[in-house]
1. Trypsin sites (Lys or Arg not before Pro) within segment 237-322: which are DSSP loop residues with at most 16 other Cβ atoms inside 10 Å?
2. Arrange the peptides 201-213, 20-32, 39-51 so that the one whose residues have, on average, the most other Cβ atoms within 10 Å appears first.
3. Can you run phi through the Karplus equation (6.51, -1.76, 1.60; θ = phi - 60°) for segment 163-175 and list ³J(HN,Hα) in whole Hz, with x for Gly and Pro?
4. Under 5 Å between amide hydrogens, which residues at least 5 positions from Gln202 or on another chain qualify, with H placed 1.01 Å from N in the peptide plane?
5. Net charge near Ala28, counting Lys/Arg +1 and Asp/Glu -1 over other residues with Cβ under 12 Å of its Cβ?
6. Which entries in Lys35/Lys254; Lys50/Lys276; Lys257/Lys304; Lys52/Lys183; Lys8/Lys31 show an alpha-carbon gap greater than 27 Å?
7. In whole Hz, what ³J(HN,Hα) sequence does segment 40-46 give by Karplus (6.51, -1.76, 1.60; θ = phi - 60°), x for Gly and Pro?
8. If amide H atoms are built 1.01 Å from N in the plane of the peptide, which residues on other chains or at least 5 residues away come under 5 Å of the amide H of Ile178?
Amino acid sequence: MATATDFKDYYTILGVSKTATPEEIKRAYRKLARKYHPDLNPGDKSAEAKFKDLNEANEVLSDPENRQKYDRFGQHWNQVGQGGSPPPARGSTVSTEDFDQYGDFDSFINDLLGGMRGQSRRQTQRTATGGFDGFGDGFRSQAPAPDTEAAIALTFSEAFHGVQKRLQLDEETINVRIPAGAKPGSRIRLKGKGRPSPFSPQRGDLYLTIEVLPHTFFRFEGDDLVCDIPIRPDEAVLGAQISVPTPDGSVTVKVPKGVRSGQSLRLRGKGWTLPKGGRGDLFAKLQIVTPKDLSAIEQEYYEKIQANTSFNPRADLEEIKL
């Protein structure tokens, strides 16, 4: 996360305007995260650095509260903490009149310390090097350490099989094990790896939100794993045995006679890894694909079918009108 001495323009990093909607920010992040993901750019330090910046930018701009602070305070946004104003210069003193956006001092303390309120309303001074005059060490030690939110992008394969990732947190490198079956939006808690509390040596927790990069074939629809399978018109009419890819290899599936385009075949136990073990189901959506180029014999037989068929799929539409 950027600091006051290492300011980064998160909007420029994601290639969006400052008026971008949350959905536009999400789409931009996912597109660029896939492009610069380290697994897709092995050994490319530039891509690795870009990927880190993208995660950093997404962490801030996808959070409405953090984005509001960033838009308001710029390079000082992260030093605002929960108090509502950028930090003063070292050694300087700031009185409560500088926090006029709060209705009273209790509101300021409640915002700053996440719900803790002072015992009285009085003029109190905050210094850049000290605490709050009038409050003892016992008060400081009760302040909760702030938690931190971050996103981590995984390929479909990593999310399906599970993976161990190495993360750089300030000056500390940690290894994080992502269990098999992680889904988009899943959260992993790293206890004691968040930001330190300004009032005690305690650190908050780090929560990693899983982002699963798009796959060229498989996709999620809700909790289901889905894929599209093209079939020929004759296979749809007569039925067929076809090969369908699954996450761990292809299997042979029977297509029944008379299937429709868009109809799904359910492959039990061939879907996503479940958190408690086992596998979910894979749904193969059939897409009837017509040939563009016909051989002479194909042309002849399609013409014979057309001339002799009694099937009219539009029979029920003949009486429809307004």
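1. Of the trypsin sites (Lys or Arg not before Pro), the ones in loops of segment 237-322 whose Cβ has at most 16 other Cβ atoms within 10 Å are Lys257, Arg260, Arg268, Lys276, Lys292, Arg314, Lys321.
2. 201-213, 20-32, 39-51
3. Running phi through 6.51 cos²θ - 1.76 cosθ + 1.60 with θ = phi - 60° gives 7, 10, 10, 9, 10, 9, 10, 6, 9, 10, 10, 10, 9 Hz.
4. Ser197
5. Counting the neighbours of Ala28, the net charge comes to +4.
6. Lys35/Lys254; Lys50/Lys276
7. Taking θ as phi minus 60°, the curve returns 9, 9, x, x, 8, 5, 5 Hz for segment 40-46.
8. Excluding prolines and chain starts, which carry no amide H, the hits are Val163, Gln164, Lys165.
We did not get these values from a lab; they are worked out from the coordinates using the rules stated. As the structure is a prediction and not an experimental result, all values here were calculated from the model. Ideal geometry is used to build each Cβ from the backbone, glycine not excepted, and the neighbour counts take in all protein chains shown.
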